[in-house]
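Report on the following structure.
The values are calculated or read from the model by the stated rules, or taken from the named source; none is laboratory data. In this text, all values refer to a predicted model and were calculated from it rather than measured experimentally. No Cβ is skipped: glycine too gets one built from the backbone with ideal geometry, and neighbour counts run over all protein chains shown. Accessible surface is based on the protein model in full, side chains and every heavy atom, while ligands, DNA and RNA are left aside. Shrake-Rupley method; radii C 1.70, N 1.55, O 1.52, S 1.80 Å.
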Amino acid sequence: MTSLTMGAALTAGLHRAMAADERVIVMGEDIGRLGGVFRITDGLLDEFGPTRVIDTPLAESGIVGTAVGLAMRGFRPVVEIQFDGFVYPAFDQIVCQVAKLHYRTRGRVHMPLTIRIPWAGGVGAVEHHSESPEAYFVHTAGLRVVAVSNPQDAYTMLQQAIASDDPVVFFEPKRLYHTKGEVDLDGDVADAAPMGLARVEREGSDVTLIAYGAQVATALDAALAAEDDGISIEVIDLRSLSPVDYRTVAASVRKTGRVVVTHEAGGEAGVGAEVIASITEQCFHYLEAPPQRVTGHDIPYPPAKLEKHHLPDLDRILDAVDRVLDRPNSLTSAAGVER
Amino acid sequence: MYTLTTDEAMTALDDTARLLTPDGCRIADARLDPWVEDLDGAALRSLYRDMAIARRMDAEGVALQRQGHLGLWAPAQGQEAIAVGTARACRADDFLFPSYRELSIAILRGGVPADLVLAWRGEVHSTYDPFELRLASPQIIIGAQTLHAVGYAMGIQRDGGDQVAVTYFGDGASSQGDVNEAMVFASSFTAPVVFVCSNNQWAISEPVAVQSRFPIAGRAPGFGIPSMRVDGNDVLACTAAMRWALEHARRGGGPVFLEAVTYRMGPHTTSDDPTRYRDREELEAWRARDPLTRLEAFLRAAGDLDDETIAAIGREADGLAAQMREAVLTARTRPAIEVFDDVYCEPHTGLEHQRARFAAYLDSFAADAGSAR
Ligand SMILES: Cc1ncc(C[n+]2csc(CCOP(=O)(O)OP(=O)(O)O)c2C)c(N)n1
C-alpha cells in the first residue's frame, strides 16, 4: 500500500492502463506539456509520446467527436474535459453519438471511451467551474456514469472504466484531488469490486445515508457527529450512478427503514430523486419515515463566496437525519413553512 | 484559390498590418493611414494614457490575487493595445461582447474600478449593467459570446440601426464550433459585426499552431468575411483597422474579422505556471514589442510626451488602482438567502418553497442560539 493523493492515484491509474494496452490514448486541452490544469496527465507525454497523449484544439465537441472515430478504429480514448462546465459543448456528441452508437448498430460498434470530468464545487472557483451535471448523463441510456470518492477507487475504477467496452462518464471531485489515502498499486484490477457496485462505507442501524463523490466525506462526518447523539448512521458510497447498485442500497434500507440521500447537484430530477423513487418502489413497506434529500439548491451554481450555503454540509445532513427520525428539526421549528 | 498551408505564415509575425515599428517609428501603410489621419498628439497621448491605466489596474489585480483577496485573475499585460485601440474606435452605442481578458474595456466603456474585481473575488457573477455600458458580461465559456454578438447584430439590422456589434475572443476560441457557426451566421445574414481575435500565441499551454496551421485571419475569407491581420501591439494600427472594420459593418457591408497578433506576457491566469510550457527567450522577444514602450518612444520623439505627463498618468492610474483595491477590501459578502435571488424573473413555486425551507433552516440556528442563552 502506498499513500497517494487522489490526483496522483488517477495519474498512476492512467499510466498503468496506457502501459498495459497500447491502444489506450489520452486526449484533451492542455493535457500534454502542461500535464492538464490539475496535472493528472503529468509525465504521460514524456513516457508515451505525442501520438498517444494528444493536446487537442480547444473544442470539446471536437474532442469527443474525434474520440468516437478513434474508438471505431479500435482505440480506447480517454478524454479529459477540462472542467465540469465545459462538457456542455460536447453534450451533443456524448448524448447523440457516444451513448447510442452501440444500440444503433445493433452491437457492432463499441464505444470504449472514458470521459474524465474534474467535477463539482467547494474549491472557490469562478463561474462554470463547479457544476454537477451528472443527472444529464444518468438520464441518457447507453452511458455508464461513475463518481469516485477516494484514491483507491480513483486508481481502480479509472482502469476499469478504460477497460470497459461501454462509454463511461468518469467524475472526479476536484475538491478531493489533494486528499490522500492508501492505494494498492499492484493489486489486480480484475479482483477489485466491479465499478458498478456501491459500498457500505460505515455500518449503522438507524438511518441509511447515501452519498457519492466528495459528499461521501461529508456524510461520514455527519455520521460521526450523530454518534454523539446516539444515532447510528449507515453511510453508502454509490460509486456508480448509472447503474445504481440497488441490492446494496435496498439491503441497507430494509435494515434501517430510514433514508437520507445527499449530493451537490440540485435536487430537482437529480440522482437523489431517482434513488428515492427506486427505494420506494422496492422497499416501501420497510420505510418508517419519508425519505429525505439534502442537495444543492435548484439555482445556477452561486459565486464562490456564497457556495458554502449551496453545498450540503454536515448540519444540513443532520437536520434531515432529524427529520427522518422525527426529532426536532428546522421544519418542525419553523412557523408557516409548508412541509 | 488557396492551396496554401504553411508553418511560415504562422510564425511570420511581422507579416501584419502595422503603423509603428517595435521601436516606435511611424511607417506608412496606404490602407491604414487614412483611418488615423485625424489623430494628433493629444489623441495619441490619450491612447497612451488608456493603455497605461489598463496595465496598472491589471498589475493591481495580480497583486490582489497574490495577497489572497481575489480567487483568480487573468492577466492581460501585453495586450493593452488591442483593447484600447479597438474599443476606443467604437461608438458609445455599439455593443461589445468580450471574453474574460478584456476587463479594461469595461473602464473604457464607463465602468468603475469595482466592476473589474468583484466577480474575480467570487462575490457576484458580474457587476455592471450590460445595457448601461453596452458591454456584455465577461464570458468564460470559450467562444459563446461570438454567437451572441452576431445575434445582436441581426437585431440591429431588424431595428434599422447603424450600430455595430463587436466580439472579442482568443486564438484558442477559433477552434470552437460556436465561433465557426458565428461566422457562418454573420456572413449569411450580412450582420454588422466585427470579430476581434486576440491571437496571443497561447491557449493556456497550447501554442496557436495546435488551433490553426494557417493565419487565423486567413480563415474568415472562407466564410465570405473580409479580414485583416494586424499588429496587436501597435495601438495605432489597431485603431485604424478597427475604424475600417466598423465603417464597413456600419455601412451595410456585413461582418469583418480582425486577427490582432500579440502576446500574453503573464500566465494564463494566476493559477497557471507558464514555465512548464514556454521559454524565457520567447517572452523576452515579445517584451521588445511592448505596446506601451512603442507608443511612448514615438510620442517622445515627436515631442508629444514628457516625463511630467507620464508621471501624471501614473498618479491617475494609481488612483484608479486604489479604488479597485478599496472595492475589494470593503466588499461585503451577501446574505446566504440571496443565493435564491434572480434565478427567475417571475415567481417559481418550486424555488419559493425551497427558499422558505432554507430560510427556516437558517432561522433554526438563530432559534438554537436563543434557547441556549
Ligand atoms: C468551453 C470551454 N472550454 C475550456 C475552457 C477552459 N479554458 C479557459 S481559457 C482557455 C484558453 C483560451 O485560450 P484563447 O481562446 O486563446 O484565449 P486567451 O486565454 O489566450 O485569451 C481554456 C482552455 C473554457 N473556459 N471554456
Checklist line | Average beta carbon contacts from partner chains per residue of B:350-357, 10 Å cutoff | finding: 4
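Charges only on Cβ, +1 for Lys and Arg, -1 for Asp and Glu: so what's the dipole of chain A about the Cα centre, in debye to the nearest 20? Walk me through the intermediate numbers first.
Details: 30 positive and 47 negative charges, 188 e Å.
In debye, rounded to 20, chain A gives about 900.
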Item checked: Pair B:Thr21, A:Arg106: separation of 7 Å Cα→Cβ label points (nm) -> 7.3 nm
Checklist line | the stretch B:129-203 and the stretch B:89-121: distance between their alpha carbon centers, rounded to Å | finding: 15 Å
Note to self: Can you tell me the mean projection area, over all orientations, of the convex hull of the stretch B:302-373's alpha carbons? Units nm², please.
What the structure shows: 10.1 nm²
Notebook entry, point to check: So, by mean Cβ neighbours within 10 angstrom, what's the order for A:128-136, B:344-352 with the highest one leading?
Noted result: A:128-136, B:344-352
Check: Which number do you get for Rg(Cα) / (2.2 N^0.38 Å) in the stretch B:64-150?
Finding: 1.06
Note to self: From the P(r) of the stretch B:137-228, could you give the percentage of C-alpha pairs in the tail past 22 Å?
What the structure shows: 24 percent
Item checked: Protein accessible surface hidden between B and A, which excludes ligands and nucleic acids, total in Å², probe 1.4 Å -> 3700 Å²
Note to self: Can you tell me how the stretch B:21-175 classifies by the Cα gyration tensor, rounded, prolate or oblate, using a/c under 1.5 as the rounded cut?
What the structure shows: oblate
Note to self: If you average the alpha carbon positions of the stretch B:15-86 and of the stretch A:78-123, how far apart do those two centres end up, in angstrom?
What the structure shows: 41 Å
Next item on the list: Beyond 27 Å between alpha-carbons counts as too far, so tell me which of A:Lys174/A:Lys305; A:Lys255/A:Lys308; A:Lys100/A:Lys308 fall in that bin.
Entry: A:Lys255/A:Lys308; A:Lys100/A:Lys308
Check: Taking a ≥ b ≥ c as the square roots of the eigenvalues of the Cα gyration tensor of the stretch A:1-149, is the shape rounded (a/c under 1.5), prolate (a/b larger than b/c) or oblate?
Finding: oblate
Note to self: For a test of the definition: using alpha carbon positions, the gyration tensor, and the 1.5 limit on a/c, classify the stretch B:128-180 as rounded, prolate or oblate.
What the structure shows: oblate
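From the P(r) of chain A, could you give the percentage of C-alpha pairs in the tail past 24 Å?
Percent of Cα pairs beyond 24 Å in chain A: 54.
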Checklist line | Spatial extent of the protein assembly as shown: Rg and Dmax, with the Cα atoms as the point set, Å | finding: 27.8, 90
Notebook entry, point to check: Where nothing but the Cβ of Lys and Arg (+1) and of Asp and Glu (-1) is charged, how large is the charge dipole of the protein assembly as shown around its Cα centre, in debye to the nearest 20?
Noted result: 920 debye
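Over the whole of B:268-279, what's the average partner chain Cβ count within 10 Å per residue? Rounded to a whole number, please.
Details: counts 3, 2, 0, 2, 3, 2, 1, 0, 6, 6, 1, 0.
Partner-chain Cβ atoms within 10 Å, mean over residues of B:268-279: 2.
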Item checked: Calculated [θ] (222 nm, deg cm²/dmol) that DSSP helices of n ≥ 4 give over chain B, each run adding -39,500 (n - 2.57) -> -14500 deg cm²/dmol
Next item on the list: Please report the Cα spread of the stretch A:241-292 along all three principal axes, rounded to whole Å, starting with the longest.
Entry: 27, 22, 15
Next item on the list: Per residue of the stretch A:230-238, in order, report the coupling 6.51 cos²θ - 1.76 cosθ + 1.60 (Karplus, θ = phi - 60°) as ³J(HN,Hα) in whole Hz, putting x for Gly and Pro.
Entry: x, 9, 9, 10, 9, 10, 10, 9, 5
Note to self: Just to confirm a number: summing +1 for Lys and Arg and -1 for Asp and Glu over residues other than B:Gly143 whose beta-carbon lies under 12 angstrom from that of B:Gly143, what do you get?
What the structure shows: -4
Check: Hey, got the Cα dimensions of chain B along the principal axes, in Å, largest first?
Finding: 80, 51, 42
Item checked: Of all DSSP beta bridges in the stretch A:4-99, antiparallel share, percent nearest 5 -> 0 percent
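Quick one: net charge of B:Ala92's neighbours, Cβ under 12 Å, K/R +1, D/E -1?
Numbers: positive: B:Arg88, B:Arg91, B:Arg109, B:Arg134; negative: B:Asp93, B:Asp94, B:Glu132.
Result for the neighbourhood of B:Ala92: +1.
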Check: Counting Lys and Arg as +1 and Asp and Glu as -1, what is the net charge of the other residues whose Cβ lies under 9 Å from the Cβ of A:Ile63?
Finding: -3
Checklist line | Most to least packed among B:178-185, A:30-37 [average Cβ atoms within 10 Å] | finding: A:30-37, B:178-185
Check: So how compact is the stretch B:248-373: Cα radius of gyration and Dmax in angstrom?
Finding: 26.8, 77
Next item on the list: Could you do me a favour and compute the accessible area per residue for the protein assembly as shown, 1.4 Å probe, result in Å²?
Entry: 41 Å²
Note to self: Can you compute the radius of gyration and Dmax for the stretch A:234-339, using only the Cα atoms, both in Å?
What the structure shows: 14.4, 43
Note to self: Please compute, for the alpha-carbon atoms of the stretch A:155-304, the extent along each of the three principal axes and give them in descending order in Å.
What the structure shows: 43, 40, 33
Notebook entry, point to check: With the dipole of the protein assembly as shown worked out from charges on the C-beta (+1 for Lys and Arg, -1 for Asp and Glu) around the Cα centre, which of A:Thr105, B:Leu147, A:Ser205 lies farthest toward the positive end?
Noted result: A:Thr105
Item checked: Cα-Cα separations in the stretch A:84-147 greater than 16 Å, expressed as whole percent -> 49 percent
Note to self: Taking the 0 to 90 degree range and rounding to the nearest ten, how far is the long axis of helix B:80-89 tilted relative to the main principal axis of chain B, both from C-alpha atoms?
What the structure shows: 90 degrees
Next item on the list: Kindly express, to the nearest 10 degrees and within the range 0 to 90, the angle between helix B:291-301's C-alpha long axis and the longest C-alpha principal axis of chain B.
Entry: 50 degrees
